[in-house]
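The values are calculated or read from the model by the stated rules, or taken from the named source; none is laboratory data. Since this is a predicted model, take the numbers as computed values, not measurements. Heads up, the Cβs are rebuilt from the backbone with ideal geometry, glycines too, and the neighbour counts pull from every protein chain shown. To get the accessible areas, we keep the full protein, side chains included, count just its heavy atoms, and leave off ligands, DNA and RNA. Shrake-Rupley method; radii C 1.70, N 1.55, O 1.52, S 1.80 Å.
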Amino acid sequence: MISINNITKEFGGTPLFSGITFNLNDKGCVGLAGMNGSGKTTLLKIIAGEIKSDTGTIAYPNDITIGYLPQEKVITSSKSIREETLEAFKFINKLNERIAELTRAMQQRTDYHSDDYSKLLIELDELNHKLLIYEPDKLLANTEKVLFGLGFKQNDLERPLTEFSFGWQMRVEIAKLLLLKPALLLLDEPTNHLDIESIQWLEEFLKNYYGSILIVSHDRALLDNITDRTIEITNGKIYDYKVPYSQYVQLREERLSQQKAAFNNQQAEVRQVERFIERFRYKNTKSKQVQSRITHLEKLDRVELDEIDQSAIHFTFPPAPHSGKITVECKNISKHYDENHVLDNINLEILKGERIAFVGKNGEGKTTLAKIIAGRLDHQGEVKLGYHVETGYFAQDQWEMLDANKTVFETVDDIAVGDIRTRLKSILGAFLFQGDDIDKKVKVLSGGEKSRLSLAKLLLTPSNFLLFDEPTNHLDMRSKDILKNALLQFTGTMVIVSHDRDFLQGLTSKVYEFRNKGIKEYRGDIFEYLEKRKLEDLKELEINERMSDADSRPVSDSKIKWEQKKEFERERRKLEKKVADLEQIVEKLEMKLEGVNNKLADPSNHEEEIKSGALYKEHGELTKDIENTYAEWEKLQLRLEQMNFDE
């Protein structure tokens, strides 16, 4: 167990946090939560020994090993992927040398019962035990297993690290850390550079991790799946919840609600006491009571409201201009970079109103096809945009599309036309650019600020086709939720390239998986796709087993089409049932609401319920439930209509 005791840290005289105290058990995964700037990364660095706290102590068990993954790291190695990963184990040679040295020393001694001999024996036993943890005989196999899990291919392992992007270089750092199996794993945004498949692999790895994990992440799905505890830093102190992230959010809201009620009650009490003091301050007969109340106020333990981070983007997309039935038509699209073929003979049709996710491992062509559709990349084949299609494109490498020498205001002012020019400052304010921020040069902006500026640009030109490539990489959870809500209300066509499962859930109704230079279509949202992929992987195993049998026969095309038709019909029936169930729920809710309205219209017979506010509360809850159910019904009905259209 690691004990963090009374840790305090200041920057420039401003306290970041103080009196931080908690324990980390030998096993388990803890999520570290809090608003931007609350000190999550700083706390990880203090525990890792990267920086020192101003006060307090951290008690570590003897010989504990700690692994720390920062958000970013300067990587200069020119070794191959395999060689660089194996660098993590260079200490094993020293272990073996020390074991050999101890073995020789013990062979030359005969004082088997002396303290010195016992010390040598204990050290040798500890070193052998440590060596066994890393399984030297399986070192190469385990290294490849982790690298493959993180998305590398066999032919990548001999390539120099310098040939890979920063994101892939950080994957090597993750691999080195996981292979070292530290007793305490400190992870700061480990999924920033991973695709969905790699995130799923990492998720399974961390679920079964033998030691303790403390993680900072904006991936809600990952946190919910691997953590069993959440520690929140707010207002310089911590709150410890023994639940995963989503449950923590609910409990935090309850805590804040109770805190606000206690604050309001205390303020009412304070005002009442102050009025008494003011009224009777100068009356001798009341002097003792007045002094008693003054003392009471001085000793009162004041309830403080925790600061809530409200700094998130706030916007909605403009109504989508009218367009034709077909939004995009791709015919025989191919793309290669020298000898590296990324896309081969892709045919794709995107219809008006469709909401599509592009998923797959990094390097399989998702971003490439997005750039081709956006007209930003040369290619073989034909891309045809439909009638009156206006594209709004958000690139993953957004910084390349912004002029580094322009200010924030100049960036939007250059493309704004008409009456919207008069509202530029308020639009920038909605994306958290306020005051002097609008005069900042683009080149000094952070990744998050550049992302927000690029989103602001999208608002200035009404589009009916939005093309997003990893829009959530630099957004906090609250801002991601607001962007998702804006996209849910968008009335046009949408394609999103993303690895964020929680962000994609319920946002798209069709998934295109990129694999082996091609694409494959799946109907449903991201979690339905993931379930189908698991089933397909199992079916592939079964087919391989059957095909290895001498009596096996290839499956005919008609059989495959029949199976696909069966699956389509099954999905449609399931959707029809959900729609029918929602219609019944709405009907029951509306009957209840009608009953409440009747009571409100007859106050003489329902005086107590009206005075207590119970009827008004019930009316509000029923109205909200009806709205939410209708919204879900509309979403499912749209998907059902699309299925009937596609049949």
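Structure summary
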read-out: Condition check for residue 325: of a type in the set (Lys, Arg), surrounded by 14 or more Cβ atoms within 10 Å (Cβ to Cβ) and within 30 Å of residue 383 (Cβ to Cβ); value: no
read-out: Any pair with Cβ under 7 angstrom, 6 or more apart, that starts in segment 359-373 at a residue that is surrounded by fewer than 23 Cβ atoms within 10 Å (Cβ to Cβ) and ends at one that is of a type in the set (Asp, Glu); value: 360/195; 360/513; 361/195; 361/197; 362/195; 367/469
read-out: Residue in segment 65-96 that is nearest to the chain's Cα centre (by Cα), counting only those that are basic (Lys, Arg) and open to solvent by 60 Å² or more (accessible area, probe 1.4 Å); value: 73
read-out: Qualifying residue in segment 349-358 (condition: surrounded by fewer than 18 Cβ atoms within 10 Å (Cβ to Cβ) and aromatic (Phe, Trp, Tyr)); value: no
read-out: Filter result for the condition that a residue is at pLDDT 85 or above and under 24 Å from residue 369 (Cβ atoms), over 458, 453, 483; value: 483
read-out: Failed item, numbered, when residue 285 is tested on (1) modelled with pLDDT of 85 or more; (2) out of contact with any strand residue (DSSP E or B) (no Cβ under 6 Å at 6 or more places or on another chain); (3) of a type in the set (S, T, N, Q); value: (1)
read-out: Every residue from segment 143-169 that is surrounded by fewer than 18 Cβ atoms within 10 Å (Cβ to Cβ) and either assigned to a helix (DSSP H, G or I) or touching a Cys at 6+ places or on another chain (Cβ under 9 Å) (or both); value: 144, 145, 148, 154, 155, 156, 162, 163, 166, 167
read-out: Residue that is surrounded by the most Cβ atoms within 10 Å (Cβ to Cβ), among those in segment 44-62 that are in contact (Cβ under 8 Å) with a residue 24 or more places away in the chain, assigned to a loop (DSSP other than H, G, I, E, B) and out of contact with any Lys or Arg (no Cβ under 7 Å at 6 or more places or on another chain); value: 60
read-out: Unmet requirement for residue 225, which otherwise passes all of (1) without any contact (Cβ under 8 Å) to a residue 40 or more places away in the chain; (2) in contact with a strand residue (DSSP E or B) (Cβ under 8 Å, 6 or more places away or on another chain); value: (2)
read-out: Among the residues listed as 571, 590, 576, 607, the single one being open to solvent by 90 Å² or more (accessible area, probe 1.4 Å) and either under 25 Å from residue 528 (Cα atoms) or acidic (Asp, Glu) (or both); value: 607
read-out: Residue ID - most open to solvent (accessible area, probe 1.4 Å), chosen from residues in segment 16-38 that are outside any strand (DSSP E or B) and either modelled with pLDDT under 85 or among the hydroxyl-bearing types (Ser, Thr, Tyr) (or both); value: 36
read-out: Residue check, residue 392 under 24 Å from residue 482 (Cα atoms), open to solvent by less than 40 Å² (accessible area, probe 1.4 Å) and touching a residue at least 60 places away in the same chain (Cβ under 8 Å); value: yes
read-out: Enumeration of residues in segment 189-206 that are of a type in the set (D, E, K, R) and modelled with pLDDT under 90; value: 189, 195, 197
read-out: All positions within segment 226-248 that are buried (at least 18 other Cβ atoms within 10 Å of the Cβ) and assigned to a helix (DSSP H, G or I); value: 226, 245, 248
read-out: Condition check for residue 344: free of Cβ contacts under 8 Å to residues at least 40 places away in the same chain and open to solvent by 70 Å² or more (accessible area, probe 1.4 Å); value: no
